[in-house]
Amino acid sequence: ASLAVLQLGLQLMSWSFSHLPKFRKEIKNPITSESFSSKIQMTTRKQDANIFIQFANGKMKVGMGKIDHPDITMIYRNTDFLAQSISTPPDKTLDLILTGDLCFIGNLAHLAKFSYLSSIFPPKKALPMSPSFSPSISITEKVAQFKPTQQLKLNRKVDMVKFLSDPYLGSYTIDDFPHLK
């Protein structure tokens, strides 16, 4: 991948997140109208390539060059790693940090959010680890739909430690707490 491919991919991502409702809801809440706000700088150790990404007012803007006061600066080992960044899955981003191929200065939450946004674009029918995932469902809706399939219980002694018969309270449901319900 080259920097031109990265720039083209980011421009397409910018247009999609700024104009298509199924992506825009990820950066601007349609109910509260609150929007994700972030300034992201992508560069290399030699600073021979600089790309900025800005989220503001429900829009995503991408450009070449530096941006003032970024919330996070992602510093890649070289232009090859920078060029591949758009296709790097979120779980591999941590690997890049651990191997030293990616360093960052600033708020890691902005990197996590950008990694998530990159993972849902371009749209995929399903992720290999989660066949029920749909990019048209926001992460907030997905969490709200989550229902535990199995309750965690520990009713046997596993060592010399004394314990309650059910320390995880796995047999209780929300119906057992009407005031909370």
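The values are calculated or read from the model by the stated rules, or taken from the named source; none is laboratory data. Keep in mind that this is a model prediction, so the values were computed, not measured. Note: ideal-geometry Cβ built from the backbone for every residue, glycine included; neighbour counts use all protein chains shown. All accessible areas refer to the heavy atoms of the entire protein, side chains included, with ligands and DNA or RNA removed. Shrake-Rupley method; radii C 1.70, N 1.55, O 1.52, S 1.80 Å.
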Quiz item: Largest first, how would H179, H69 line up by accessible area (1.4 Å probe)?
Solution: H179, H69
Practice problem: Kindly flag which residue pairs out of K28/K61; K39/K92; K25/K66 have an alpha-carbon separation exceeding 19 Å in this structure. | Solution: K39/K92; K25/K66
Quiz prompt | DSSP-defined antiparallel bridges as percent of all bridges, region 42-123, nearest 5 | solution = 80
Self-check item: Rounded to the nearest 10 Å², the accessible area of Y172 at probe 1.4 Å
Solution: 120
Quiz item: Nearest-5 percent of antiparallel DSSP beta bridges in region 1-72?
Solution: 95
Quiz item: What number, in percent, do you get for the relative contact order of region 23-72 if the mean sequence gap of Cα pairs under 8 Å and at least 6 apart is divided by its residue count?
Solution: 34
Quiz prompt | Probe 1.4 Å, accessible area per residue of region 35-80, Å² | solution = 50
Practice problem: Arrange the residues V62, V5 by how much accessible surface each exposes, largest first, with a 1.4 angstrom probe. | Solution: V5, V62
Self-check item: Contact order relative to length of region 1-114, as percent, for alpha carbon pairs under 8 angstrom and 6 or more apart
Solution: 26
Self-check item: Candidate residues R24, R77: accessible-area rank, largest first, probe 1.4 Å
Solution: R77, R24
Exercise. Go through I105, P70, A56 and say which Cα lies farthest out towards the positive end of the charge dipole of region 22-126; charges sit on Cβ, +1 for Lys and Arg, -1 for Asp and Glu.
Key: A56
